[in-house]
Amino acid sequence: MRKINLKALSVEELGSFLSGLGLPKYRTSQLVHWIYDKRARTIEEITEFSKPLRAMLGEKAYISELKVLDRLASSDGTEKFLFELEDGQSIESVLIPDGKRLTLCVSTQVGCAMNCRFCLTGKTGFKRNLKAYEIVDQIITVGRLILPARITNIVLMGMGEPLKNFAEVTAALSMMTGLLHISNRKITVSTSGLVKEMLELPQKAPVVNLAVSLNATTDDVRDFIMPINKKYPIKMLMDACRKFPLPKRRRITFEYVLVDGLNDTRADAKRLASLIKTIPSKVNLIPLNEFEGCEFKKPPEKKILDFQKVLLDAGVTALIRKSKGQDILAACGQLKAKNR
Ligand code: SAH
Ligand code: SF4
């Protein structure tokens, strides 16, 4: 008989599983506490349970964990974790220190099917969706490895398009706020712009922050670099952003990857400012991270600063996101599963 992964069960399912074994109700909250607060790696570690109880449970169930294949530290403090999943696939998470914040960037899929031209994850294709517990396990495992430091923020911005894995991502968001006690204000979902799912998200999951990867200001250019734009063109995307309910006093983040000669002119910057002017928002400018086989280049420094200046002059909050973790290939768009 195949053993049941306790992390794959919702609290409700855990309750029915335990009552099916003849165990009283309070065991469920004990188990939840040991798995998610105390981060027990095995049933054996749950010392609040008697030995016979642990043995009985251990025959029927187990606690999954991610296997750490590699942990790389960048000279700028960023760390990359390479994990192996139960089926041998691999994913990456990136830990980014920034002042008082310690942000973990988690993956939601093995690879990505969205095919954005400037993104290595997209170039390497799609393997499969992650399960909710595989998304949450990245937080649990890294949290354990970096003790006594504590993760303060979560961004769903690693490998994959979160909203293409809607059911598991919404379940993972509920686990983050409900079981790991992470505030919804500290969680950000980043999307390439799946309008339908974007608007469904706040109905199906805790309301979290939203980052939208805009990356172009005309449909022609966006069609070229992000195929999703053919389905949901810029106007539709902006309308959806306008409707999106954010946590109080929060703004949408627009990510804008600057690509030399493609989307980096002053005219682009002006169009960008006017596209987002009625949306409470800020812009993160990300100079393209080049990778082997990348057909684009990042713009020269001066153009990047010029672009930012046009935005600032138009009253837009615009930050240039210094790429972190370049030396360990942990920067945006550079995450890639281990070759198998
Ligand atoms: N799929 C989601 C989240 C993962 S991608 C999304 O697209 O939003 C996270 C961010 O990395 C996106 O903003 C994307 O535009 C950016 N990105 C992808 N490839 C990049 C590259 N080569 N250089 C810089 N940023 C990149
Ligand atoms: Fe997928 Fe995001 Fe990369 Fe596009 S940018 S291919 S959506 S991971």
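The values are calculated or read from the model by the stated rules, or taken from the named source; none is laboratory data. No experiment lies behind these values; they were computed from the predicted model shown. Glycine gets a Cβ as well: all are built from the backbone with ideal geometry, and neighbour counts include every protein chain shown.
Leu102 meets all of the listed conditions (1) touching a residue at least 60 places away in the same chain (Cβ under 8 Å); (2) away from ligand 2 (no atom under 13 Å from the Cβ) but one, namely (1). Those residues that are under 22 Å from Asn284 (Cβ atoms), assigned to a helix (DSSP H, G or I) and away from ligand 2 (no atom under 16 Å from the Cβ), I need them from segment 177-198; list them, please. Once the filter is applied, which keeps residues that are under 22 Å from Asn284 (Cβ atoms), assigned to a helix (DSSP H, G or I) and away from ligand 2 (no atom under 16 Å from the Cβ), segment 177-198 yields Asn184, Arg185, Lys186. Candidates are the residues of segment 201-249 that are within 16 Å of ligand 2 (Cβ to nearest atom) and among the charged types (D, E, K, R); the one that is nearest to Asp268 (Cα to Cα) is Arg222. Restricting segment 134-175 to residues that are within 15 Å of ligand 1 (Cβ to nearest atom) and acidic (Asp, Glu), the residue that is surrounded by the fewest Cβ atoms within 10 Å (Cβ to Cβ) is Glu168.
Residue check: is Thr121 buried (at least 21 other Cβ atoms within 10 Å of the Cβ) and either at pLDDT below 95 or away from ligand 2 (no atom under 16 Å from the Cβ) (or both)? Yes: the conditions hold for Thr121.
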